[in-house]
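Right, one structure below, let's go through it.
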Amino acid sequence: MPMPASQRPKGCDLSEMISPLLEMRGIGKSFAGIQALKGVDLVLQEGEVLALMGENGAGKSTLMKILGGAHLPDEGELKLRGNRILVDSPQKARSLGIAMIYQEFNLIPALSAAENVFLGQEIIQHGLIQHEAQESRTADLLKELGMPFDPRTPCQRLSIAQQQSVEIARALSQEAQILVMDEPSAVLTPPEVKRLFAIINQCRKRGLGLIYIGHRLDEIFEIADRVMVLRDGQPAGSFPIDQCKRHELIHCMVGRPMDQEYPKRKGHPGPVRLKVSELRRGKAVQGVCFEARGGEILGLAGLVGAGRTELARLIFGADRSEAGTIQLDGRTLSLRSPAEAIAAGIGFLSEDRKLQGLITQHSICSNFGLPNLNQFTRAGLLNLGQEEASFNQYAETMQLKRHGPKQRASHLSGGNQQKLVIAKWLARRCEVLIFDEPTRGIDVGAKYEIYQLMHALADEGKVILMISSELPEMLGMADRILVMHQGRLTGEITHPASSNQQAIMEMAVA
Amino acid sequence: MKETSLARMSNLLHALGDYGMVVMLLLLGLFFSLVTLTEQQPTPEVGARELAQRIKANHNTDSVVWIVIRELATDRAFAESLQQELNESGHKQIVQVTGLPRDARQELEAWQQRGDHIDIIAGNEITSNWLVFSNLEETFPGIGSPQIYRPTSYRWPNFLKQDNLLNITNQIAVIAIIAIGMTVVIISGGIDLSVGSLIAFSAVLTCLLIRDWAGSLQAGVVAMVLCSLIAILVSAAIGGITGGLITFFRLPPFIVTLGMMLMASGSAYLLSGGESVYQIPDGFVWLGRGASLLGIPNAVLMMAILYLIAHLAMKRTRWGRYLYAVGGNDEAARLSGVPIRRVQLSAYILSAALAGLGGIIMASQLKSGAPTYGQMYELYVIAAVVVGGTSLSGGEGKILGTLIGAFIIAVIQNGMNLMNIESYTQKVILGLVILLAVLLDRIKQHGFRAH
């Protein structure tokens, strides 16, 4: 919201005299004696998009939780338009016009979009909620955001992008001045990301200050005005986006020079090992045929909803196919459950590690052991020592950062959780590994290690199927790319190195 | 860095929580020991031996000894032991006076008339305190001045008496055995409300089979074992239906087992015609009341063996690990190759089979089968599981924790009985304890924050 003219000092150059929208000065915070943040300064101007970057654990979320009132800082102060503020609760933050949009949306699935927008601040007359007024306001907001849909739709029936716009509409309806978005693009398809950026530009025009947390460099360069990098809880740099280069930014984040985002590799695809023909299930997968070679990283590109994950789930036996065959090394597999696919040597690394990949409240060792228990069983009894020894061995080769085998899986960072899932399939001696969004939510340094692991696996002659919505990753990693659209394969890129994102997108929307 | 210390702290809290239940049990035991500390009498044999020692030390073998007892088996045992001890040490002049104080007075009068004297009057804690003996020198001056001996008493908590401790374990055997199955079901992410009714159903079914099929009072051992096995199998089959409805039709466990609970209870009433079935042979009580090994009741022994097996199965078999996995995150478990339906199904079958076994033990303890058995037991069993530290949301818990939980509940009940607290108050206190246990568990897991 622009400041009322009466409050502005007259006769001065506005840009110099007006205090910034938000100032966070010398912020320090420690948990149980461990410094999570130290001496962090953050300045946000009206109508500015500030990208906040850093590896996982760099302190981004702690800083944003302080802004959002979930934590109180040990040191430092917050100023809103030059006035000191005390944000001691999320309610307080909201009343000051600070809105947070997390990756997991805060929407009630059964309530309509309008009801969610006005949750907690309902328009009430004579003790009754004025649904029509709420719905028309919501419809206006959504239209303004360029997402016109019926505000009476229950949120559970909305797409991810629509849900996100409901969250943004809620922030706008609450007269938010500062909007914090935590990896908003992670769950979106490329066209949806485009629309999100249009929305962000709308907000920028309204004079909001936006803090955008993200890992994808391309997007940062596209949307941000300024970028601020945190490393190990301390500021590592802050520069206008037009004065900064890609590799410098990565260097700044990881604290060491990184010449390239994707490790180099010369692929030597071997003979065909996996053969999928005429695979079908409903509308999601409509007669897909392809072959994959040993030692090959085969990319599956496409928009969200194109049927890539559904295809992967068929190959893994997580869903049953209605028709078609899957052959591995010449043997036809009839898969009725993941257990059968695993027995045949297929491993699946799902895009959602917390919900599908790991049992987060259990120990990392027992997560590792779960598909491998038969190896450790003698006369019906488990040999726990052998399980732990095997775990330690794989954890060591993966360089899994851990405190011990009993550590809870939820206490691992995203990159280490992914390594844990890879380790459990490797111990199972899987020959086909399906990576669904292998680096989602994983920071730059750990991404590189995951890529190296994928290369190593391919070099051993395994079949690697990779689903990714990040086109640069697709082009940087895959030896060959298959593009899916509406349940069908619509194209193939045999030399990704000499291709570009445009080519994939054209096939993906064909 | 930050997450390291958090992880360590939560690990520490977990370890403390595991000990916490044991500590709580010990504290309860200590508390009830202190409040039930009372004057205890030794057993007749022990008392007699100790008394004989003192007589031997203070008197020569010529002294005249009266042993005064009532006409009771325990008194007679006391007299016999004492007489034997004294005979062995050479005492010749021993007289047993049996009966009421009136009889003792007549005998005293007779001795006074004859002019005989008495040196020692020995009795137990009752007879030695009879008024007749209180002022002998004045009332019967002719018999000399006999010394009165009684066994030395000692102070010991009623709670810690061997009988009481055995009583506690015997009483929880049924609940604890069923709680094994409940723990398994809850760890797998479900709940089983039907176990209480299955107790009644299985008890009635077993007793009916024995009465109508195995020859009623003349039924042999093999036939009785067979009848019990049939009841367990039928219970297990009911558990199979429950589990099938839950796993294959994805119905909520709460509702399915609620339905089963009503059906099993109703069937027990229908089968028995609403009356208890008691025409079964005496031998049937072997399981519930007998004690064949070192004085340990058979039901307790059975409970101990089942807990050992269950502990091993949960910790050291694939099936056990799968249960935790399914309860922790069924989708992740399925994608890791766990046959989740089979695992869940097995949990309900086990729970129902153990409830069936519990019903048989109860029928054996009470030597009859009635449809009123096991009412509210599902709630006590769930309470034992939860107090024992198993999370109702599944995926976490320990079999041995449940045993401790069952003991905690039984000890509280037993202690309150010993303190003569009336049963309505007992219910209120028990409820409070259960709430407290769950609250502590919550704080242990999530700290004091509301969210």
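The values are calculated or read from the model by the stated rules, or taken from the named source; none is laboratory data. Note that the structure is a prediction, hence the values are computed from the model and not measured. When we count neighbours, we look across all protein chains shown, and the Cβ atoms used for this are built from the backbone with ideal geometry, even at glycine. Remember, those area values only see protein heavy atoms, side chains included, never the ligands or the DNA or RNA. Shrake-Rupley method; radii C 1.70, N 1.55, O 1.52, S 1.80 Å.
Nearest 5 percent is fine: what portion of the DSSP beta bridges confined to the protein assembly as shown is antiparallel?
Working: 53 of 100 bridges.
Antiparallel bridges: around 55 percent, rounded to the nearest 5.
Separation of the stretch B:379-426 and the stretch B:182-202, taken as the distance between their Cα centroids, equals 16 angstrom. Across peptide B:323-333, the average count of Cβ atoms from other chains found within 10 Å of a residue's Cβ is 6. If only the Cβ of Lys and Arg carry +1 and only the Cβ of Asp and Glu carry -1, the dipole of the protein assembly as shown around its Cα centre is close to 1740 debye. The candidates A:Lys424, A:Lys266, B:Lys161, arranged from most to least accessible area with a 1.4 Å probe in the full protein assembly, appear as A:Lys266, B:Lys161, A:Lys424. When the solvent-accessible area of the protein assembly as shown is split by element, carbon and sulfur atoms take up 55 percent of it, the probe being 1.4 Å.
Computed with every protein chain present, the accessible area of B:Glu45 is close to 80 Å² [probe 1.4 Å]. Counting only protein heavy atoms and using a 1.4 Å probe, the accessible area of A:Glu460 comes to about 130 Å².
Mind checking A:381-389 for the average number of partner chain beta-carbons within 10 Å of each residue's beta-carbon?
Per residue, the average neighbour count from other chains is 2.
Equivalent-ellipsoid semi-axes (√(5λ), Cα gyration tensor) for the stretch A:272-508, whole Å, largest first? Numbers along the way, then the final one.
On the way: eigenvalues 176, 87, 45 Å².
For the stretch A:272-508, the semi-axes come out at 30, 21, 15 Å.
Exposed loop sites here are chymotrypsin sites (Phe, Trp or Tyr not before Pro) in DSSP loop states with at most 11 other C-beta atoms within 10 Å. What is the longest stretch of chain B lacking them?
On the way: sites that count: B:Phe249, B:Phe448.
Looking at chain B, B:1-248 is the longest stretch - no exposed chymotrypsin sites (Phe, Trp or Tyr not before Pro) with at most 11 other Cβ atoms within 10 Å.
Our note on the geometry: Cα centres of the stretch A:306-343 and the stretch A:188-206, 37 Å apart. A straight Cα-to-Cα reach below 21 Å connects B:Lys92 with the lysines B:Lys56, residues fewer than 8 places away in its own chain not being considered.
When DSSP beta bridges are restricted to pairs lying wholly in chain A, around 55% turn out antiparallel. Peptide A:364-376 is shielded by partner chain Cβ atoms: per residue, an average of 4 of them sit within 10 Å of its Cβ.
Averaging over every viewing direction, what projected area does the convex hull of the Cα atoms of the protein assembly as shown cover, in nm²?
56.9 nm²
When a/c reaches 1.5 or more, the comparison of a/b and b/c decides; with that in mind, is the stretch A:397-453 rounded, prolate or oblate per its Cα gyration tensor? Since a/c reaches 1.5 but b/c is at least a/b, the shape of the stretch A:397-453 is classed as oblate.
Only Lys, Arg, Asp and Glu carry charge here, each on its Cβ (+1 for the first two, -1 for the last two); on that basis chain B has a dipole of about 2140 debye about its Cα centre. If you take the Cα centroid of the stretch A:467-510 and the Cα centroid of the stretch A:165-181, the two points sit 35 Å apart.
Ordered by solvent-accessible area of protein heavy atoms (1.4 Å probe), largest first, the residues B:Met419, A:Met64 come out as B:Met419, A:Met64.
B:Leu251 exposes around 70 Å² of accessible area when a 1.4 Å probe is run over every protein chain in place.
Lys-Lys pairs in the stretch A:272-508 that are eight or more residues apart or on separate chains and whose Cα atoms lie under 24 Å of each other come to 17. Within a straight-line Cα-Cα reach of under 19 Å, A:Lys92 can be paired with the following lysines, leaving aside sequence neighbours fewer than 8 residues apart in one chain: A:Lys65, A:Lys79. Dividing the summed -39500 (n - 2.57) terms of all DSSP H runs of n ≥ 4 by the residue count of the protein assembly as shown sets its mean residue ellipticity at 222 nm at -15500 deg cm²/dmol. Averaging over all projection directions, the Cα-based convex hull of the stretch B:62-206 occupies 15.1 nm² in the image plane.
For A:Ala161, neighbours were defined as the other residues whose beta-carbon sits under 9 Å from its Cβ, and their charges (Lys and Arg +1, Asp and Glu -1) total 0.
Put A:His411, A:His215 in order of accessible area, largest first, 1.4 Å probe: what do you get?
Numbers: A:His411 50, A:His215 15 Å².
Final ranking, largest accessible area leading: A:His411, A:His215.
Taking every DSSP bridge with both residues inside chain B, close to 35 percent are antiparallel. Computed from point charges on the beta carbon alone (+1 for Lys and Arg, -1 for Asp and Glu), the dipole magnitude for the stretch B:24-109 about its Cα centre is near 120 Debye. With one equal scatterer per alpha carbon and no solvent term, the Debye-computed log10 I(q)/I(0) for chain A at 0.06, 0.13 1/Å reads -0.32, -1.35. When the trypsin sites (Lys or Arg not before Pro) in the stretch B:24-107 are filtered for DSSP coil states and for at most 13 other beta-carbon atoms within 10 Å of their beta-carbon, the remaining sites are B:Lys92. Computed over all pairs of different Cα atoms, the Kirkwood value for the hydrodynamic radius of the stretch B:237-318 is 16.5 Å.
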